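Working notes, beginning with the structure itself.
The values are calculated or read from the model by the stated rules, or taken from the named source; none is laboratory data. Remember, it's a predicted structure, so these values are computed and weren't measured experimentally. All Cβ positions, even for glycine, are placed from backbone atoms using ideal geometry, and neighbour counts span all protein chains on display. When the accessible area is computed, the model is the full protein with side chains, heavy atoms only, and any ligands, DNA or RNA have been set aside. Shrake-Rupley method; radii C 1.70, N 1.55, O 1.52, S 1.80 Å.
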Amino acid sequence: MFNIIELDLYRERRAAERKVNRKARPRTADKFIRVQAFEKLTLEIDNMLEDKAREQAMPDAVAMAAGHYAAMQLFQNHGRAQTLAFFEDCIQTAEICDEILAQLDDELV
């Protein structure tokens with residue numbers, strides 16, 4: 001009929017739960033290190049693709065190969081919707097960069 005809560009026991013259980021949750025969560029420093037490693041790898045791959053496109057004088061072939069690889073991997077790991085959203089974001093970013101560069105050109109002329 002009545003729920004009797006032993007406050008001391010409740011506090012001990014809550015403290016134990018928090019301790020377990022704290023250990024299960026990745027630390028901010030770990031996240032930061034992973035983000036840095038991800039950014040470094042991305043930059044290295046971008047540079048490698050740029051170099052290969054310049055060496056082979058076939059930038060479209062390099063772009064299509066990289067895009068094909070990206071599309072296949074992302075689709076397998078994340079599904080169609082997220083893959084399409086990723087490529088849409090990439091296209092929007094390229095459009096924004098083009099607009100900024102055009103504005104800068106207009107200001108310099």
Helix 59-78 versus the longest principal axis of the chain: what is the Cα-based angle in degrees, 0 to 90, to the nearest 10? 20
Considering only protein heavy atoms and a probe of 1.4 Å, how much of the accessible area of the chain is carbon and sulfur, as a whole percent? 59
Dipole magnitude (debye, nearest 20) for the chain, charges at Cβ of Lys, Arg, Asp, Glu: 1480
Using the per-residue mean of other Cβ atoms lying within 10 Å as a proxy for protection, in what order, highest first, do the peptides 6-13, 67-74 fall? 67-74, 6-13
Tell me, what ³J(HN,Hα) does each residue in region 86-95 have, in order and in whole Hz, if you take phi through Karplus 6.51 cos²θ - 1.76 cosθ + 1.60 with θ = phi - 60° and put x for Gly and Pro? 4, 5, 5, 4, 4, 5, 4, 4, 4, 5
Give me the 1.4 Å probe accessible area per residue for the chain, excluding ligands and nucleic acids, in Å². 96
Regarding region 1-104, what's the average projected area of the Cα-atom convex hull, expressed in nm²? 13.7
